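Trainee: Just dropping this structure here.
Derivation of every value follows stated rules applied to the coordinates shown; laboratory data play no part. This is a predicted model, so every value here is computed, not measured. Ideal geometry is used to build each Cβ from the backbone, glycine not excepted, and the neighbour counts take in all protein chains shown.
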């Protein structure tokens, strides 16, 4: 079994769900440990051959603890086979759903200097009812500015077939 660590940073749980899906998909030949990076001060990467790194975007930024981990562990991560992915609502658009055209992913790589063997961008999920009044207004405004209308119901944008394809590619590393 290939020892694999999956670290995620998630606000609403979709990034966790994606990590879990990848972990389930590769479990036939990978021993996967999944950890929420929020609040973790150190992780020993020495025991792992592969590392999955997933971070969500909120208000145009990845969470500081996720970025800090990538920066602090960049040397150790460079010795591992890695999958880096970002989860954000803009990835629902065809012209913003790849690592080369998703501004949030590009900024993350530039800020952290990380390079992964496999890179991906996944569309997330919105459940406005779980957000504060202010957050709901801001999210609706952002969608309206892009010519889209959304209600208060849950909207899942994640392409699970894409997640499975990325998991297959990672499994082959």
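Trainee: Taking Cα atoms, how many degrees apart are the long axis of helix 103-112 and the longest axis of the chain, rounded to 10 and kept between 0 and 90?
Mentor: 40
Trainee: Right, next: Could you please state, rounded to a whole Å, how far the C-alpha centre of the stretch 85-145 is from the C-alpha centre of the stretch 12-53?
Mentor: 20
Trainee: Per the Kirkwood treatment, what hydrodynamic radius in Å, one decimal, follows for the chain from the mean inverse distance over all distinct Cα pairs? It would help to have the intermediate numbers written out before the result.
Mentor: Working: mean 1/r = 0.0608 Å⁻¹.
This gives a value of 16.4 Å.
Trainee: What translational diffusion coefficient, in µm²/s and rounded to a whole number, does the Stokes-Einstein relation yield for the stretch 8-52 at 37 °C and a viscosity of 0.692 mPa s, taking the hydrodynamic radius as the Kirkwood radius over Cα pairs?
Mentor: D = 284 µm²/s.
Trainee: Please give the helix 14-26 orientation as an angle from the longest Cα principal axis of the chain, in degrees from 0 to 90, rounded to the nearest 10.
Mentor: Once rounded, the angle reads 40 degrees.
Trainee: What's the ranking of 41-48, 96-103 by average number of surrounding C-beta atoms within 10 Å, highest first?
Mentor: Details: 41-48: 11.6, 96-103: 15.6.
My ranking of the peptides, most packed first, is 96-103, 41-48.
Trainee: Order of 22, 114 from fewest to most other C-beta atoms within 10 Å?
Mentor: Details: 22 28, 114 20.
Lowest count first: 114, 22.
Trainee: Taking other Cβ within 10 Å of each residue's Cβ, how do 119, 49, 154 sort, fewest first? Mind dumping the intermediate values first?
Mentor: Values: 119 21, 49 16, 154 11.
If I rank by nearby Cβ atoms, fewest first, I get 154, 49, 119.
Trainee: A follow-up question, please. Which one of 74, 132, 86 has the biggest mean-square fluctuation once the chain is modelled by GNM with Cα springs under 10 Å?
Mentor: 132
Trainee: Can you figure out the FRET efficiency of residue 12 with residue 168, using R₀ = 30 Å and their beta-carbon distance, to the nearest 0.05?
Mentor: 0.70
Trainee: Per DSSP H run of n ≥ 4, the term is -39500 (n - 2.57); total these for the chain, divide by its residue number, and report the mean residue ellipticity at 222 nm rounded to 500 deg cm²/dmol.
Mentor: -10500 deg cm²/dmol
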